[in-house]
Amino acid sequence: MCKSIYLTTAIDYVNGQPHLGHAYEKVLTDVLARFHRTQGADVFFLTGADEHGQKVQQAALAQNKSPQEYCDELAISWSNFIEKLGISHNDYIRTTQARHSKVVTTILSKLYKEGHFYKESYKGFYSTKEETFLTEKDRLPDGSFAPMWGEVQELIEDNYYFKLGVHQQWLIDYIESHPDFIYPEYRKNEVLGFLKNEKLGDLCISRPKARLSWGIPLPFDPEYVTYVWFDALVNYFTIAAAYGDTQVLSSIGLTKEDFPETAQQERQLWPADFHVIGKDIVKFHAVYWPIMLKAIGAPLPKKLAVHGWWQKDNQKMSKSTGNVVEPIAVIEEWGLDAFRYYVLRELEVGPDGNWTDAGFASRYQAELANGLGNLINRSISMLGRYRNGVVPARHDELKTDAENSCAAAFKCYSEIKIQGALIRIWELINRANQYVDQTAPFKLAKQPEQAARLDEVLYNLVEVCRILAVLLWPVLPKTSEKIYSQLGLHDSPDQWSSCQWGGLQPGHVVGKPEPLFPRRDLNK
Ligand code: MSP
């Protein structure tokens, strides 16, 4: 069986509302998943929810609910949110599911037996908010801890530790010999800088039940639950096991029969091809996770694609100040594809981004309504008006422009440069809109001796429209499908091979144009 291309997002903390950052990461991963599907690959796209930990326990308690009840309620609003984003995920994992605790427990037992853990007493400071132990290095010059840690308590506690430190040099060598492991390169350099300059401590992987009960119990000590990050990172592996990935199952000693719900849909998923994550969780994915996998005896994911963070109006988004972008409200007002377009066109994968409502409206009007929408609308309208919608003989005047855009967009998509892909696609849109102005088909139509020239121009225009649908499908799937349907095509623009010039056959009859992105009165 062939290996699928396996893409994942981070799994979201369920306490708290879904926001722009969550939406962006999912849409970005969806674009990568769809792009790989256009190559005919079998793609598996996973997203989900991170439901354990102290914050969830506290939030549930504050509402007088059990943590499970609290998570089940939130799961409904998260699933509505995901649906509105139109993403093409194959599964949604919740860390409270039985399939997940089975894999986490099995891994913990295996690593415990093989001597990767030890128990030790700790005396020091603990941040409940970040669920992490702090050291002297985390103190500010005045001895206090920064507000980001929330309330800091001093405690003495016995816990289990995972021997991370012994793998430090191995990890440095691995990252250096796999230059594509962390994207973009500057994030890789940050990780290497950290690993080369600081001694890697061991990782505390347990929390005493007396303090935190909402987690997966340690199989070798019932007084403890698993540290939420150890539990959460395993989610990527859980799904590979659940879909019967033979290599994953044998590495942890489970079998297909342990996952009756999904084992029939067998897939070879591991290693993951892309873990798409935000910049704040690089250390967990580039340091802890690789070492956990090494201890398990499984290969490392092929790539961590690390995106930046969104701000709004150059400020951190915050509910309390009202400075937030509500993705669902934007989608309801402007349409899903307009939202997807803006977040991917505005921000390259890597740096931080800044959302402004004015910037959104201006891209909508200039690039979607006046650029793409206008081209599609006038091309199909003119073919209808001047040739009853019948496609004339093939003509290749814009063929080279289209081919150049296809090649450039392909390279960009393959390199996770989605913004770059959109820029190159818009070059073709602008070229075609210019072509209308230069060739003036409305004038040609009034000159009977120019009938052959009008045929040529109309062919080039509708064929560019068709190719644009294919190029845009990963980012604007609904719009691309509408373009195909307005062109009277009954298949889907979801295969990259269809961007070859000459797909529209002479004699084919196109459908009726309908505005894709109606112009807005921006002064209202
Ligand atoms: N539960 C952990 C991830 C565990 S993965 C094994 C977590 N959850 S989160 O809900 O806080 O964040 C989920 C993702 O959203 C992360 O990749 C994070 O970087 C991303 N974002 C959160 N806020 C963001 C922005 N303002 N902008 C862009 N992405 C941001 O971390």
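The values are calculated or read from the model by the stated rules, or taken from the named source; none is laboratory data. Please read these numbers as outputs of a predicted model, since none were measured by experiment. Virtual Cβ from ideal backbone geometry, glycine too; neighbours counted across all protein chains shown. The protein model used for the area step is the full one, side chains on, heavy atoms only, and it has no ligands, DNA or RNA in it. Shrake-Rupley method; radii C 1.70, N 1.55, O 1.52, S 1.80 Å.
List of remarks:
- Two-site label geometry, Gln39 and Glu130: point separation in nm, points 7 Å out along Cα→Cβ: 3.8 nm
- Relative contact order computed over the chain (Cα-Cα under 8 Å; 6+ residues apart), in percent: 15 percent
- Relative contact order %, the stretch 1-157, counting alpha carbon pairs below 8 Å whose residues are six or more apart: 21 percent
- The per residue volume of the convex hull around the alpha-carbon atoms of the chain is 168 Å³.
- Set of lysines with alpha-carbon distance to Lys163 below 20 Å, sequence-local pairs under 8 removed: Lys110, Lys113, Lys119, Lys123, Lys196, Lys199, Lys283, Lys294
- Legend: P(r) of the stretch 1-118 from all alpha carbon pair distances, 10 Å bins from 0, whole percents, reading 12, 34, 31, 18, 4, 0.
- Interchain or long-range residues, amide H under 5 Å from Tyr6's placed H: Phe44, Asp273, Phe274
- Probing with 1.4 Å while keeping every protein chain in the model, the per residue accessible area of the chain equals 42 Å².
- Put simply, the amide H of His307, placed in the peptide plane, has neighbours under 5 Å in Ile277, Gly278, Lys279, leaving out anything fewer than 5 places away on its chain.
- With all protein chains in place and a 1.4 Å probe, the accessible surface of the chain carries 51 percent carbon and sulfur.
- Karplus-based coupling profile of the stretch 302-307, in residue order and whole Hz: 6, 8, 9, 9, 9, 9, with θ = phi - 60° in 6.51 cos²θ - 1.76 cosθ + 1.60 and x standing for Gly or Pro.
- Only lysine pairs 8 or more places apart, or on different chains, with alpha-carbon atoms under 29 angstrom apart are counted in the stretch 355-499, and they number 11.
- Per residue, the chain reaches -13500 deg cm²/dmol at 222 nm when only DSSP H runs of four or more residues are counted, each adding -39500 (n - 2.57).
- Model label sites at Phe145 and Glu69, defined 7 Å from Cα along the beta-carbon direction, differ in position by 3.1 nm.
- Counted as membrane-span-like here are DSSP H helices of the chain whose alpha-carbon atoms extend 20 Å or more along the helix's own axis and whose Kyte-Doolittle mean is -1.0 or above; these are 20-38, 67-84, 98-113, 399-414, 418-439, 451-472.
- Extent along principal axes [Cα atoms of the stretch 355-499; Å; largest to smallest]: 50, 35, 26
- Comparing Cα centroids, the stretch 423-482 and the stretch 273-307 end up 44 angstrom apart.
- DSSP-assigned coil residues among trypsin sites (Lys or Arg not before Pro) in the stretch 308-358, each with at most 14 further Cβ atoms within 10 Å: Lys316, Lys319
- When exposed loop sites are taken as GluC sites (Glu not before Pro) in a DSSP loop with at most 11 other Cβ atoms within 10 Å, the longest stretch of the chain clear of them is 262-524.
- In nm, spacing of pseudo-spin labels at Ser79 and Ala62 (7 Å Cα→C-beta vector): 2.6 nm
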